[in-house]
Amino acid sequence: MSLPSFVIKAAQHASDAEVDGLLGPKTLAALREYDDECDDFDFADERNRLVVAVAQHASGLRGKDLDGRFGPTTKQAVQAYLERHGVEAANTASPAAAPAAAPAPAKADANATPAAPARSSKSSGSKMAVWEAHEGPGIYEKDGIDLRDPTPLVPEGGLAEIPTRKTMKGVYGDALELGKEGIKERLVSLDGLPGRFNKGNGELHSVHKLMAPHLRLALELCEKFGVIDEIYRIGTFNYRHMRHDPSKPLSFHSYGVCVDLNPRENFGWVPNGDEKNIQPFSEGWWKKYPRSLSEVAVLCFKKAGFAWGGDWASFRDPMHFELVA
């Protein structure tokens, strides 16, 4: 079932996404972030219900009315929300198609260059933290640590060898066999972390105990190399299927061994045609991701043992870092 564009616009406005009435990767990343931060509902795996639930929640609906389903009560509440916030509520009479096509590439700053992109430092995403762009080419070597050396560091209490996709179940546990509750028993919380991400209190929850030392090291390296304030949002454990598609296997997020950084700025996409030639941190990359993580920030996570989804050729996923070789 297609959704009325005004419901999509309300959900976009509530999640600080671009309000255009279209369901693209940026909007879905923003809605899933809203879902992650809201304890009142969980519809991350059901696209249409996620859109409606965010619009309902933003409109003040609670209890049985917060069900992710479009009806008269939702229509009235959402229209009132749009009116209060001065958002154009086009097409409120009947449902309209909500294309799932990818949005047009974001416009890069006129002064941007591949080496030193001049990107806006306006806060984006989480209202609890501050996002700051890394403006220069950055520092790659400090205190005897060379980020361009591909050899990862082994943190205290960390893994001397990062497991592969074939060996990870034996190391981390089989998420399918253990189930959500079984995996939760292997998760820990971290505090005292550098940065102003999420709620700005230096805490992360639901991290696999074996990934915890590596994640702490990655953030400490980001602080050391001056890029910690690029990170405003960190997503961790989420027991779900890959790309939120039930036909696919469980995501590594179901194991608690990966993180998503600033998802709405670093959305995933499938390159087609000439886009297949776009390489990370090239001019084309900065046009696609004008507020992407800097190369220095990415290398800090790689140095801590993480693989980066931005390196994947068939599906670019620059928000994603996983502790899987």
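Couple of notes before you dig in:
- Computed from backbone phi, the HN-Hα couplings of the range 201-217 come to 10, x, 10, 9, 10, 6, 10, 4, 4, 7, 7, 3, x, 6, 5, 4, 4 Hz, rounded to whole numbers (Karplus: 6.51 cos²θ - 1.76 cosθ + 1.60, θ = phi - 60°; Gly and Pro given as x).
- By a 1.4 Å probe calculation restricted to protein chains, Ser314 has an accessible surface near 90 Å², given to the nearest 10.
- Surface composition of the range 9-49: carbon plus sulfur atoms contribute 40% of the solvent-accessible area (1.4 Å probe, protein chains only, all chains present).
- Tyr140 paired with Asp40, simple spin-label distance in nm, labels 7 Å along Cα-to-beta-carbon: 4.8
- Available extension along the chain between Glu161 and His244 is 27.0 nm, counting 0.36 nm per residue and deducting the alpha carbon span.
- Long pairs among Lys180/Lys276; Lys26/Lys180; Lys142/Lys248; Lys224/Lys288, criterion Cα-Cα beyond 30 Å: Lys180/Lys276; Lys142/Lys248
- Averaged per residue, the range 230-301 has 34 square angstrom of accessible surface, using a 1.4 angstrom probe with ligands and nucleic acids left out.
- For the range 1-61 versus the range 227-260, the gap between their alpha-carbon centres in whole angstrom: 18
- The range 36-77 - accessible surface per residue (Å², probe 1.4 Å): 51
The values are calculated or read from the model by the stated rules, or taken from the named source; none is laboratory data. Since the model is a prediction, treat every value here as computed from it, not as a measurement. Because the Cβ atoms are built from the backbone with ideal geometry, glycine has one as well, and the counts that use them run over all protein chains shown. Only protein heavy atoms, including side chains, enter the accessible area calculation; ligands, DNA and RNA are left aside. Shrake-Rupley method; radii C 1.70, N 1.55, O 1.52, S 1.80 Å.
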